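The values are calculated or read from the model by the stated rules, or taken from the named source; none is laboratory data. Remember, it's a predicted structure, so these values are computed and weren't measured experimentally. Because the Cβ atoms are built from the backbone with ideal geometry, glycine has one as well, and the counts that use them run over all protein chains shown. Protein only, heavy atoms only, side chains kept; ligands, DNA and RNA dropped before computing areas. Shrake-Rupley method; radii C 1.70, N 1.55, O 1.52, S 1.80 Å.
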Amino acid sequence: MRPKHLLEPSLKEGIFVVPKSYREEERASFPSFREIFGNDNPVYIEFCSGNGDWLAENALKNKDINWIGVEKQFPRVRKIWSKKKNHAIDNLFIIYGMGEDFLLGYPVEGVVEKIYVNFPDPWPKTRHAKHRIIKSIFIEGLLPITKLGTTLTVVTDDAPYAKEVLKEMEKHPLWQNSFTGEMPKDYGASYFQQLFLAQEKKIHSMEFVRIG
Ligand SMILES: C[S@@+](CC[C@H](N)C(=O)[O-])C[C@H]1O[C@@H](n2cnc3c(N)ncnc32)[C@H](O)[C@@H]1O
């Protein structure tokens, strides 16, 4: 069980805690992106950030972009936070909680330009399917924070999961497949990406753009 102080939304040292029990009615407690970052720079969000290798690398490389990482496991959030502190990454903000809960209960600004999900857990067993993050509640939850032209990039090593992501996204006509067949050369490498590449696994990349 989470310690008591993590049962309520809180904002401390660049980490916003999203408790499971708080939903729609708590929207007001999330500060605006301007309040968080102190500027109006573009906002990019990575869900399922893990230990934050990819996120920290990109935030350091792109200081004129405001980066948000969403991660549900506290030990991993702590690792992202250490990277933020050690490298003074002021353009990086961390959400500790489930991506779906954050989308349902907190942000209301339709300004996020890019969404990334790198190596989400594929949960291959059918009885665990509800744990997969790319599902209707998540995809619909992206609408209030995104705008026309926002892109969603999903990268996975799991071929069946890649197919499922394409199928899930097809159910949502406001998002169109926009993958060109190649990832940007400077995309960056996450911890799991390096692990899977070392195992010579094929990496499946997808991109979708919001068209409505
Ligand atoms: C396989 S790891 C990938 C981590 C990182 N993106 C990488 O590529 O190294 C998946 C991560 O997603 C997190 N995660 C899974 N479901 C989540 C959810 N619904 N909301 C937030 N984080 C989630 C897990 O805790 C885990 O750290």
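Quick rundown of the values:
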{"read-out": "Region 110-163 - residue that is hydroxyl-bearing (S, T, Y) and within 12 Å of the ligand (Cβ to nearest atom) and, of those, farthest from the chain's Cα centre (by Cα)", "value": "Y161"}
{"read-out": "Any hit, region 195-205, residues being basic (K, R) and more than 23 Å from E71 (Cβ to Cβ)", "value": "yes"}
{"read-out": "Residue under evaluation D101, criteria (1) over 15 Å from the mean Cα position of the chain (by Cα); (2) over 30 Å from K185 (Cβ atoms), criterion not met", "value": "(1)"}
{"read-out": "Output for region 37-69, where each listed residue is over 19 Å from K147 (Cβ atoms) and not in a loop (DSSP other than H, G, I, E, B)", "value": "D53, W54, L55, A56, E57, N58, A59, L60, K61, G69"}
{"read-out": "Filter result for S190 (within 16 Å of the ligand (Cβ to nearest atom), in contact with a helix residue (DSSP H, G or I) (Cβ under 8 Å, 6 or more places away or on another chain) and among the polar types (S, T, N, Q))", "value": "yes"}
{"read-out": "Selection within region 30-69 - modelled with pLDDT under 95 and open to solvent by less than 50 Å² (accessible area, probe 1.4 Å)", "value": "F30, P31, S32, F33, I36"}
{"read-out": "Scope region 181-212; condition open to solvent by 40 Å² or more (accessible area, probe 1.4 Å) and of a type in the set (G, A, S); matching residues", "value": "G181, A198"}
{"read-out": "Subset of region 86-109 that is out of contact with any strand residue (DSSP E or B) (no Cβ under 7 Å at 6 or more places or on another chain) and farther than 20 Å from G38 by Cβ - its residue that is farthest from the ligand (Cβ to nearest atom)", "value": "N86"}
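Every residue, every condition in (1) within 14 Å of the ligand (Cβ to nearest atom); (2) within 16 Å of V17 (Cα to Cα), yes or no:
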| residue | (1), (2) |
| --- | --- |
| F37 | no, no |
| P42 | no, no |
| S49 | yes, yes |
| G52 | yes, no |
| E57 | yes, no |
| K61 | no, no |
| W67 | yes, no |
| K72 | yes, yes |
| V77 | yes, yes |
